[in-house]
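As structure tokens, the structure follows; a few thoughts come after it.
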Amino acid sequence: MIYLNNAATSYRKPPCVNDAINKCLLDLPVGQFRSNQCENNLILDCKDNISKFINVKKKENIFFTSGATESFNLIINGLKLNNTHVLISVNEHNSVIRPLYNSKENIDIELIKCDEFGYINPLDIESQIIPNTKAIFINHCSNVTGIVQDINKIGEIAKKHNLIFIVDVAQSLGCIKIDVESANIGILVFTAHKSLMGISGLGGFYLKGNIDVDIVKFGGNAKNSHLIKIDKNNKEFEVGTQNIVAIAALKSSTDFLINEVKLNTLYANELKKTLYLYSKLKKVDNLIIYSNDNYNKGPLFSFNINYLDPSDVSYILYNSYEVITRVGLHCAPLIHKNLNTLNKGTVRISLSYYTTYSEIDDFIKIIHEITSI
Amino acid sequence: MEIIKVEKSNEICAEINWHSYDIFFDEQMDKKFIFSLKKFGTLMYLSLLKKPFFKVNTNEYLIKGTQYNTKLRVGIFNNNIEYLSFILENILILY
């Protein structure tokens, strides 16, 4: 079996992740208060690891949630966007699109100009900024095309116009270098179970200290339990029981990536495999890749094969060749209008640190076989 | 050849309003069985693949699978279950 659906969730995980989960479940939840099943400082140590991936100094500005979707809901509903204008890219996932378009607030949502593959020329953004523009939402690495946006340049524009720059790194954190400081990112949203190789049920966000986000989710957090009314200046976004097992898994996987793989090696490894795969696929007749040589690439592509439905291609790949891919709109509907794939979607393949060249070569042979029928 | 079970697929295609079901058989689907599916509509048969792929497509439903496997997939548009019943009643006739 060849697993090429790492953009949905990464498989395999480092062996230490299994050990961390087992330890977390087996350890006695000692303590007089919440009896968290974890060693001391697990949560802060895990945040410390995340801060190394995004280059932030204050790990206190990182908050854990159940995933990127919850993060975006907390942020969009807490940002006080009523009667403001926001710019979003066509690459946004429904975790951004749906909270915005279903908000009870009156938000003027405008799509950022882009080319046929969804790539944004940062200079184009300036012409779309109006006096009440408050935020720019950018999907760093599209989960459909794999195209990577120039967040450093977009961040410069956001800073120049005093806009909140909100970046979705669900597909890029753990495989592409990200620097919150140099990109002027105000809010960064991540998930644990993709390239960071943690498990599902955990994500989070980084919030720059000066950005005012109201708390919209309330509950217990073992602090100041006598207070019923919460001071909104306290950024108590983490309420309810934390997903300690997933945090233990993420701590372990990020320890592995930082200390054993090393981040520069990790990023180079994924880029090298991505470019190798792309260089081979782009030569295949009857294969339409929704990207080209001009773009920076994350470790995933979408494609279609002439004369075949994408759902059939994905079905054939799994049932005839034991290759796992994803088909459809990938929960990011807006980009498909650009790609002219709104009707049937695309087939998506996505690599991970553990994908081997042997698997990539086998996949390329399979694609040649299917496209030559 | 007998139908063992029918399951609603966990691989939903509900994004585009197709709902899928898997039909499991007690033996592998051979070429004779696959060609008997012409009774439901135009048959596509891709013989050169490692495991040949077949598909019957209509506006209301589709049937697809791969030769030598023991299950096939039925997609029903708008989840109109009458079409699934029709397929189940007729799929083994003339085979």
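The values are calculated or read from the model by the stated rules, or taken from the named source; none is laboratory data. Model, not experiment: these values are computed from the prediction. Cβ: placed from backbone, ideal geometry, glycine included. Neighbour counts: every protein chain shown. Ligands, DNA and RNA are stripped out before the accessible areas are found, and what is left, the full protein with its side chains, is counted by its heavy atoms. Shrake-Rupley method; radii C 1.70, N 1.55, O 1.52, S 1.80 Å.
Only one of these conditions is not met by B:Ile4: (1) within 20 Å of A:Tyr315 (Cα to Cα); (2) in a strand (DSSP E or B). Which number is it?
(1)
Among the residues of the stretch B:67-80, are any surrounded by fewer than 14 Cβ atoms within 10 Å (Cβ to Cβ) and on the phi < 0 side of the Ramachandran plot?
The answer is yes; a qualifying residue exists.
Filter the stretch A:315-330 for residues that are within 8 Å of chain B (Cβ to nearest Cβ) and among the hydrophobic types (A, V, I, L, M, F, W, C); which is farthest from A:Ser89 (Cα to Cα)?
Here the answer is A:Ile316.
So A:Thr274 passes all but one of these: (1) over 26 Å from A:Tyr357 (Cβ atoms); (2) not in a loop (DSSP other than H, G, I, E, B). Which condition number does it fail?
Here A:Thr274 clears every test but (1).
Could you look through the stretch A:331-353, keep only residues that are within 9 Å of chain B (Cβ to nearest Cβ) and part of a loop (DSSP other than H, G, I, E, B), and pick out the one that is nearest to the chain's Cα centre (by Cα)?
Checking each candidate, the answer is A:Cys331.
Those residues that are in contact (Cβ under 8 Å) with a residue 12 or more places away in the chain, among the hydrophobic types (A, V, I, L, M, F, W, C) and within 30 Å of A:Asn343 (Cβ to Cβ), I need them from the stretch B:25-42; list them, please.
B:Met29, B:Ile34, B:Leu37, B:Phe40
Filter the strands (runs of 3 or more DSSP E) completely within the stretch A:153-238 down to those with at least 2 residues that are of a type in the set (Gly, Ala, Ser) and modelled with pLDDT of 95 or more.
Counting at least 2 such residues, we get A:203-207.
Pairs needed: first member in the stretch A:122-140, open to solvent by less than 30 Å² (accessible area, probe 1.4 Å); second member anywhere, of a type in the set (Lys, Arg) and modelled with pLDDT of 95 or more; C-beta distance under 8 Å; at least 6 residues apart or different chains.
A:Pro122/A:Lys153; A:Ile125/A:Lys113; A:Gln128/A:Lys113
Farther than 27 Å from A:Ser142 by Cα and in contact (Cβ under 8 Å) with a residue 24 or more places away in the chain, is that true of A:Asp179?
no
If we scan the stretch A:255-266, do we find a residue that is within 26 Å of A:Leu74 (Cβ to Cβ) and of a type outside the set (A, V, I, L, M)?
Scanning the stretch A:255-266 turns up no residue that is within 26 Å of A:Leu74 (Cβ to Cβ) and of a type outside the set (A, V, I, L, M).
Given the options A:Val144, A:Val90, A:Val96, name the one that is part of a helix (DSSP H, G or I), of a type in the set (Val, Ile, Thr), touching a helix residue (DSSP H, G or I) at 6+ places or on another chain (Cβ under 6 Å) and within 28 Å of A:Ile288 (Cβ to Cβ).
After applying the criteria, what remains is A:Val96.
Given the conditions (1) more than 14 Å from chain B (Cβ to nearest Cβ); (2) closer than 29 Å to B:Tyr68 by Cβ; (3) part of a loop (DSSP other than H, G, I, E, B), which single one is not true for A:Asn304?
So the condition that A:Asn304 fails would be (3).
For the stretch B:37-52, enumerate the residues that are outside any loop (DSSP other than H, G, I, E, B) and facing another protein chain (nearest Cβ under 8 Å).
Residue satisfying the conditions is B:Leu46 alone.
Return the residues of the stretch A:354-373 that are within 11 Å of chain B (Cβ to nearest Cβ), assigned to a loop (DSSP other than H, G, I, E, B) and either small (Gly, Ala, Ser) or crowded, with 17+ Cβ neighbours inside 10 Å (or both); say none if nothing qualifies.
Correct list: A:Ser372 only.
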